[in-house]
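Following: one structure in structure tokens, then a few remarks.
The values are calculated or read from the model by the stated rules, or taken from the named source; none is laboratory data. The structure displayed is predicted, hence computed values, not measured ones. For neighbour counting, all protein chains shown are included, and Cβ atoms are generated from backbone atoms with ideal geometry for every residue, glycine included.
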């Protein structure tokens, strides 16, 4: 069984009041590609997917679209552990 561990994505976080959707999208694209290329069975996300307890709509959209794409990939399980922002 191949497991990929990640954490602290902080989707929706601003940097100097600048939105970072493109960076987050690129990261999730890279992560999906890595899951497929490395034939990962389980993705473990250990907390802080979002930056706040009320993430912006765009951050939620990126997250749910990513999960939808993972469900169609070779990765069969996603384990998500809540963090202090989730």
- Query: When only residues in the range 52-77 that are touching a helix residue (DSSP H, G or I) at 6+ places or on another chain (Cβ under 6 Å) and within 18 Å of residue 8 (Cβ to Cβ) count, which is surrounded by the fewest Cβ atoms within 10 Å (Cβ to Cβ)?
  - Reply: 62
- Of all residues in the range 9-22 being surrounded by 13 or more Cβ atoms within 10 Å (Cβ to Cβ) and closer than 15 Å to residue 63 by Cα, the one that is modelled with the lowest pLDDT: 13
- Query: Considering only the range 37-51, how many residues are modelled with pLDDT under 95 and either in contact with a helix residue (DSSP H, G or I) (Cβ under 7 Å, 6 or more places away or on another chain) or in a helix (DSSP H, G or I) (or both)?
  - Reply: 2
- Task: Looking for whichever is surrounded by 14 or more Cβ atoms within 10 Å (Cβ to Cβ), at negative phi and free of Cβ contacts under 8 Å to residues at least 40 places away in the same chain here; the options are 49, 40, 81. Which one fits?
- Result: 40
- Message: Pairs needed: first member in the range 16-28, at positive phi and touching a residue at least 60 places away in the same chain (Cβ under 8 Å); second member anywhere, surrounded by 15 or more Cβ atoms within 10 Å (Cβ to Cβ) and assigned to a helix (DSSP H, G or I); C-beta distance under 8 Å; at least 6 residues apart or different chains.
- Response: none
- Query: Residues of the range 1-33 being more than 17 Å from residue 45 (Cα to Cα) and assigned to a loop (DSSP other than H, G, I, E, B), which ones?
  - Reply: 13, 14, 16, 17, 19, 20
